[in-house]
Ligand code: GDP
Ligand code: MN
């Protein structure tokens, strides 16, 4: 499941934990709820003591660090009012399988907790929670700040029942955010005096952080107005554009592969562009555009793609074998459709690669394989496959391939 803001911004990206996102915000001068990450109850107590020295807080919030929102609802965010409670609550959250509205039914294992200062302390005013995200507005080729005075845990419900309470501010990426835009945000949130000024600063620095970190999404829910009118980020969901990581060498270590799909992690290691999907027909294609078209073809034939896989230009035996092995790790796969266009690479070489990989893998291939090769030497390739004696069906035309997929999945 994807978060409210993430549905507007999906692309090749690296998700961060709350504490990592807050570190980035902090480095750009965005005020955050302070915290220290811990992996054991003992570390949690030490973290709480340190926070007490630095901030004077004597209440703490223990927050599960997993790549999923809705942790509060799932019991992954709890207030501790003493060091004993810090120890007890951390002990119960670390190692738990946290199930939230955004995780699968099995939930996510918690390896770390963030020990944060309590920022909902009493004072002249009640603390107030707002929603704010910065994201790509692809349709308009601009950035966008989306925000609402109704922040907290249920922004999806706000969007559905009271959409007029969701505001947007469109920002030209070449110009950057103008101060009047930040003032409009503060005004629409109903702020005055010190809190208004703080919000203007918050929005300006938040946008700068988004742009400079090459993020594709910042989602801060809640942004808090404390009882003494400070504005700060209490939560953070930060997604960084993968393609920018060469510019941010220090971000590479923020990747937590425990949170990622294991097949996708393995694909990355062997240099294959693979995205796991829910369907039953595996596909191996060269070129992202053809891969998309192939997924459409599978759908039209009554199947459902099990993955997106672009093997790239060099579809030799080793690469084809690596791709077959990845696809077959998904237990839902009932058939594999190979769709290769021989433009730079010759079809007969790819066909030979498929035959070699198949022979090499022996029993490992236990589903029907349909191969469509089109382009240079397509007819020689078809002959090669048809004469191989292997259980591989060949096709040259798109429709032929579709019919063969249909025959297998229906
Ligand atoms: P999420 O549920 O995964 O979005 O996690 P959040 O970081 O947004 O925390 C969930 C909720 O915990 C917030 O909406 C707050 O109501 C509550 N919370 C967070 N920080 C504090 C705090 O310092 N004190 C208190 N009392 N509650 C907090
Ligand atoms: Mn939140």
query = What number goes with the only condition from (1) surrounded by 23 or more Cβ atoms within 10 Å (Cβ to Cβ); (2) farther than 20 Å from residue 263 by Cα; (3) in contact with a helix residue (DSSP H, G or I) (Cβ under 6 Å, 6 or more places away or on another chain) that residue 350 does not pass?
reply = (3)
inquiry  = Can you find a residue that is out of contact with any helix residue (DSSP H, G or I) (no Cβ under 8 Å at 6 or more places or on another chain), more than 11 Å from ligand 1 (Cβ to nearest atom) and outside the structural domain of residue 151 (by TED's automatic domain parsing) anywhere in the range 61-74?
reply    = no
request  = Could you run through the range 168-178 and say how many residues are without any contact (Cβ under 8 Å) to a residue 24 or more places away in the chain and surrounded by 13 or more Cβ atoms within 10 Å (Cβ to Cβ)?
outcome  = 1
Residue check for residue 224: away from ligand 1 (no atom under 14 Å from the Cβ), touching a residue at least 40 places away in the same chain (Cβ under 8 Å) and buried (at least 21 other Cβ atoms within 10 Å of the Cβ) = no
request  = Sort out which residues of the range 179-221 are outside any helix (DSSP H, G or I) and either surrounded by 21 or more Cβ atoms within 10 Å (Cβ to Cβ) or modelled with pLDDT under 95 (or both), and write them in order of number.
outcome  = 189, 191, 213, 215, 216, 217, 218, 219, 220, 221
Of all residues making up the range 236-258, the number that are loosely packed, with under 15 Cβ neighbours inside 10 Å and in contact with a helix residue (DSSP H, G or I) (Cβ under 8 Å, 6 or more places away or on another chain) = 2
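For every residue, the table says whether it meets (1) in contact with a helix residue (DSSP H, G or I) (Cβ under 9 Å, 6 or more places away or on another chain); (2) at pLDDT 95 or above; (3) assigned by TED's automatic domain parsing to the domain that holds residue 45; (4) buried (at least 16 other Cβ atoms within 10 Å of the Cβ).
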{"residue": "114", "(1), (2), (3), (4)": "yes, yes, yes, yes"}
{"residue": "127", "(1), (2), (3), (4)": "no, yes, no, yes"}
{"residue": "130", "(1), (2), (3), (4)": "yes, yes, no, yes"}
{"residue": "144", "(1), (2), (3), (4)": "yes, yes, no, yes"}
{"residue": "153", "(1), (2), (3), (4)": "no, no, no, yes"}
{"residue": "160", "(1), (2), (3), (4)": "no, no, no, no"}
{"residue": "166", "(1), (2), (3), (4)": "yes, yes, no, yes"}
ask   = What tally of residues in the range 1-29 results from selecting those that are at pLDDT 90 or above and either under 22 Å from residue 113 (Cα atoms) or outside any loop (DSSP other than H, G, I, E, B) (or both)?
value = 14
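The values are calculated or read from the model by the stated rules, or taken from the named source; none is laboratory data. Note that this is a predicted model, so its numbers are computed, not measured. All Cβ positions, even for glycine, are placed from backbone atoms using ideal geometry, and neighbour counts span all protein chains on display.
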